């Protein structure tokens, strides 16, 4: 009897899952070929690494999560480099904008996010300018070859 109830419960879960996933609307197609990537190479200032990384997790990523939900960006990444004395940077910040127009509007997009109720600024104790400097900043890339274009 227990076995029959267990099988019935599993069947109900599977049918419910199949029904709920079949009625969902698939996400819209994303055209990564039209995307524009903004990339900053960051160098940590002495003693600033831990606080700056907290800023990236708490503020930079939060703002991009909101921009992603609003459809203003397609993706973002913060890539931390392994320690290496021959490199001039420690962190790469990458934001994939839907197109060059959204990249051009980035200041207005993020100003609106920072003023919204969705955004909750995380206080890290010091301004980020005291924690980092740009090794190379404001570099913009457009796709040349992508998996979607092949």
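The values are calculated or read from the model by the stated rules, or taken from the named source; none is laboratory data. Given the structure is predicted, the values throughout are model-derived calculations rather than measurements. Note that each Cβ is placed from the backbone with ideal geometry, even for glycine, and that neighbours are counted across all protein chains shown.
Only residues that are out of contact with any strand residue (DSSP E or B) (no Cβ under 8 Å at 6 or more places or on another chain) and surrounded by 13 or more Cβ atoms within 10 Å (Cβ to Cβ): list them for region 58-75, please.
Looking only at region 58-75, we keep the residues that are out of contact with any strand residue (DSSP E or B) (no Cβ under 8 Å at 6 or more places or on another chain), and these are 58-59, 62-63, 65-66, 69-71.
Residues satisfying the conditions are 58, 59, 62, 63, 65, 66, 70.
Taking residue 139 and the conditions (1) in a loop (DSSP other than H, G, I, E, B); (2) more than 22 Å from residue 66 (Cβ to Cβ), which numbered condition does it fall short on, given that it satisfies the others?
Every condition holds for residue 139 apart from (1).
What's the total number of residues in region 42-69 that are closer than 22 Å to residue 141 by Cα and touching a residue at least 24 places away in the same chain (Cβ under 8 Å)?
7
Identify the single condition in (1) over 18 Å from residue 109 (Cβ atoms); (2) more than 17 Å from the chain's Cα centre (by Cα); (3) at pLDDT below 95 that residue 32 does not satisfy, given that it satisfies every other one.
Residue 32 satisfies every listed condition except (2).
Sort through 135, 78 and tell me the only one that's at pLDDT 95 or above and in contact with a strand residue (DSSP E or B) (Cβ under 8 Å, 6 or more places away or on another chain). Show your work before the answer.
On the way: 135 fails: at pLDDT 95 or above.
Going through 135, 78 in turn, the sole match is 78.
Is it true that residue 101 is part of a helix (DSSP H, G or I), over 15 Å from the mean Cα position of the chain (by Cα) and on the phi < 0 side of the Ramachandran plot?
On the way: part of a helix (DSSP H, G or I): yes; over 15 Å from the mean Cα position of the chain (by Cα): yes; on the phi < 0 side of the Ramachandran plot: yes.
Taking the combined requirement at face value, the residue satisfies it.
Being touching a helix residue (DSSP H, G or I) at 6+ places or on another chain (Cβ under 7 Å) and either over 11 Å from residue 43 (Cα atoms) or not in a loop (DSSP other than H, G, I, E, B) (or both) is the filter here; which residues of region 126-136 pass it?
126, 128, 132
Report whether or not residue 99 is in contact with a helix residue (DSSP H, G or I) (Cβ under 8 Å, 6 or more places away or on another chain), surrounded by fewer than 19 Cβ atoms within 10 Å (Cβ to Cβ) and over 15 Å from residue 136 (Cβ atoms).
Yes.
For residue 114, state whether it is touching a strand residue (DSSP E or B) at 6+ places or on another chain (Cβ under 7 Å) and touching a residue at least 24 places away in the same chain (Cβ under 8 Å).
So residue 114 fails the test.
So residue 93 clears everything in (1) more than 30 Å from residue 34 (Cα to Cα); (2) surrounded by 12 or more Cβ atoms within 10 Å (Cβ to Cβ) except one condition, right? Which one?
With respect to (1) more than 30 Å from residue 34 (Cα to Cα); (2) surrounded by 12 or more Cβ atoms within 10 Å (Cβ to Cβ), residue 93 is out only on (1).
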